[in-house]
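Structure first, then comments.
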Amino acid sequence: TCSSLWHDEGNSWALAQRGFLQIARAAAADIHPPGYYWLLKIWAGPFGYSAWGIRSLSAFAGILTVAFVYLAAREFGRRKDIGEGADIDSTLVALLAAFLAALNPFQIYFSHEARMYSLLAMESTALIWALLAMQRRVYVNQLDGSVTFYAIVYAAAAAAGLWTHYFFGVVLAAAVG
């Protein structure tokens with residue numbers, strides 16, 4: 001059985017049942033952009049509007065966050081390729097980072113709540129992974145199609161993040177800073 005929704009989750013549930021234009025208008029009057037609610041509406045199509053159905057979007061985003069933490073940590077560990085950092089096994093570092101992310105109490109909490117915070121974490125880690133991957137490839141002159149791929153992932157994560165939560169602007173500023 002699923003526990004009942006608390007107030008903010010109920011707000012997500014109610015907004016996701018409206019039309020896309022109504023969601024945009026309601027979000028404009030609220031403190032969040034409409035992206036999460038639009039995605040939740042699309043997600044609820046196959047998964048339903050039950051507590052489990054709408055919370056499963058956050059659970060899925062939480063799983064993807066752990067995967068992106070792994071990828072970002074692996075890219076960071078590979079910085080030895082550009083002459084920075086100690087000679088470490090990037091896969092071992094990435095596995096440890098993913099393990100710690102999976103056990104993080106905040107990550108676990110927000111991954112079972114019908115709110116946008118787990119999605120925001122996923123978009124943030126995707127952005128950082130893409131940025132690290134681009135930087136390393138540019139530095140070692142590996143200017144092939146992979147740089148374009150990571151640039152697209154970066155741009156998509158940036159756009160999605162800005163449509164998910166206004167705080168994402170701080171993540172973008174920190175990433176390019």
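Cβ-Cβ below 8 Å, separation at least six or inter-chain, first residue in segment 39-53 and touching a residue at least 24 places away in the same chain (Cβ under 8 Å), second part of a helix (DSSP H, G or I) and open to solvent by 60 Å² or more (accessible area, probe 1.4 Å): which pairs? Pairs that qualify, where the first residue is touching a residue at least 24 places away in the same chain (Cβ under 8 Å) and the partner is part of a helix (DSSP H, G or I) and open to solvent by 60 Å² or more (accessible area, probe 1.4 Å), are 41/20; 49/13.
Among the residues of segment 1-17, those identified as more than 14 Å from residue 115 (Cβ to Cβ) and in contact with a helix residue (DSSP H, G or I) (Cβ under 7 Å, 6 or more places away or on another chain) are 2, 3, 4. The set of residues from segment 99-149 being within 25 Å of residue 166 (Cβ to Cβ) and small (Gly, Ala, Ser) comprises 101, 111, 114, 118, 121, 124, 126, 130. Restricting segment 164-177 to residues that are assigned to a helix (DSSP H, G or I) and within 12 Å of the chain's Cα centre (by Cα), the residue that is surrounded by the most Cβ atoms within 10 Å (Cβ to Cβ) is 164. Just one of (1) open to solvent by 80 Å² or more (accessible area, probe 1.4 Å); (2) over 21 Å from the mean Cα position of the chain (by Cα); (3) not polar (S, T, N, Q) fails for residue 52. It is (2). Do the conditions hold for residue 99, that is, is it among the aromatic types (Phe, Trp, Tyr) and either in contact (Cβ under 8 Å) with a residue 40 or more places away in the chain or under 29 Å from residue 24 (Cα atoms) (or both)? No; evaluated as a whole, the condition is false for this residue.
Among residues that are in contact (Cβ under 8 Å) with a residue 12 or more places away in the chain and either more than 21 Å from residue 102 (Cα to Cα) or surrounded by 13 or more Cβ atoms within 10 Å (Cβ to Cβ) (or both), residue 126 is included. When you look at residue 153, is it buried (at least 20 other Cβ atoms within 10 Å of the Cβ) and closer than 30 Å to residue 15 by Cβ, yes or no? When the stated conditions are applied, residue 153 does not pass them. Got a number for residues in segment 8-31 being free of Cβ contacts under 8 Å to residues at least 24 places away in the same chain and more than 18 Å from residue 57 (Cβ to Cβ)? Of the residues in segment 8-31, 9 are free of Cβ contacts under 8 Å to residues at least 24 places away in the same chain and more than 18 Å from residue 57 (Cβ to Cβ). Scanning segment 2-48 for residues being of a type outside the set (Gly, Ala, Ser), part of a loop (DSSP other than H, G, I, E, B) and over 27 Å from residue 156 (Cβ atoms) gives a total of 3. Can you tell me which residue is nearest to residue 40 (Cα to Cα) among those in segment 129-150 that are in contact (Cβ under 8 Å) with a residue 40 or more places away in the chain and open to solvent by less than 80 Å² (accessible area, probe 1.4 Å)? Among those residues, the one meeting the criterion is 129. Restricting attention to segment 98-131, the residues that are aliphatic (A, V, I, L, M) and closer than 21 Å to residue 150 by Cα total 10.
The values are calculated or read from the model by the stated rules, or taken from the named source; none is laboratory data. Keep in mind that this is a model prediction, so the values were computed, not measured. Cβ coordinates were reconstructed from backbone atoms using ideal geometry, including for glycine residues, and neighbour counts include every protein chain displayed. Surface areas here come from the heavy atoms of the whole protein model, side chains and all, with no ligands, DNA or RNA. Shrake-Rupley method; radii C 1.70, N 1.55, O 1.52, S 1.80 Å.
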